[in-house]
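S.K.: My questions all concern the structure below.
The values are calculated or read from the model by the stated rules, or taken from the named source; none is laboratory data. None of the values given here were measured: they were computed from a predicted structure. When we count neighbours, we look across all protein chains shown, and the Cβ atoms used for this are built from the backbone with ideal geometry, even at glycine. SASA here: full protein model, heavy atoms, side chains in, ligands and nucleic acids out. Shrake-Rupley method; radii C 1.70, N 1.55, O 1.52, S 1.80 Å.
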Amino acid sequence: MTDSATQGIKTVLHPVSDLAKAKGVYAALLGVAPQTDESYYVGFEAAGQQIGLVPAGGPQSPAGPVAYWHVPDIEAKLAEVVAAGATVQEPAHDVGGGRLVATVTDLDGNVLGLLQDQ
């Protein structure tokens, strides 16, 4: 193991079939309006958590909710979890604003997200 401990789960993305309808449900649940409201992503911040809605079925859309573990060094953490048996599903890439994300699957096919803010 390295000293690249995670900073915890702070971001969860949910694929939804209708962003407009889902936005209303999540706004009611979280008690806040979205911070980001685009055709490709609706994002909320509530109690230190980032909750994102993405259109289901799109090229970047997960099959189900994905929890993102925040890490200080995404490449180091990717190497560490792959060496332990995980499989890279989506390599690290910039999604804007210097934010890097990647996903891996564990030995049972569960999707784990990694996120590094620069």
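S.K.: Return the carbon/sulfur percentage of the accessible area of region 36-118, one whole number, probe 1.4 Å, all protein chains in place.
M.R.: Taking all protein chains in place, region 36-118 shows 54 percent carbon and sulfur surface.
S.K.: Report the full-extension gain for the segment Q49 to H93: residue separation times 0.36 nm, less the Cα-Cα distance, to one decimal in nm.
M.R.: That pair, Q49 and H93, stretches by 13.7 nm at full extension.
S.K.: Between E38 and T6, 0.36 nm times their residue separation minus their Cα-Cα distance comes to what?
M.R.: Full extension of this stretch gives 8.6 nm more.
S.K.: Pick out, from L29, T87, A63, the residue whose Cα sits farthest towards the positive end of the charge dipole of region 21-118, with +1 on the Cβ of Lys and Arg and -1 on the Cβ of Asp and Glu.
M.R.: Farthest towards the positive pole: L29.
S.K.: Using bins 10 angstrom wide from zero, how does P(r) for the chain break down, in % of all Cα pairs?
M.R.: With a bin width of 10 Å, the distribution comes to 13, 44, 32, 10, 0.
S.K.: I would also like to ask the following. Take every DSSP beta bridge with both residues inside the chain and express the antiparallel ones as a percent of the total, to the nearest 5.
M.R.: Bridges in the chain are about 70 percent antiparallel.
S.K.: Also, I was wondering about something else. Stretched out fully, how many nm does the piece from L30 to A67 gain, at 0.36 nm a residue minus the Cα gap? Let's see the in-between values first.
M.R.: Values: separation 37, 0.36 × 37 = 13.32 nm, distance 1.70 nm.
Working it through step by step, the gained length comes to 11.6 nm.
S.K.: Taking the Cα atoms only, what angle lies between the long axis of helix 74-83 and the longest principal axis of the chain, rounded to 10 degrees?
M.R.: Taking Cα atoms only, the helix is inclined about 60 degrees.
S.K.: For the chain, report the accessible area per residue in Å² (1.4 Å probe, heavy atoms, rounded to an integer).
M.R.: 57 Å²
S.K.: Roughly what angle does helix 19-30 make with the longest principal axis of the chain, taking Cα atoms, 0 to 90 degrees, to the nearest 10?
M.R.: It is inclined by approximately 80 degrees.
S.K.: Another question, then. How high is the relative contact order of region 44-112, in percent, with contacts defined as C-alpha pairs under 8 Å that are six or more residues apart?
M.R.: That works out to 22 percent.
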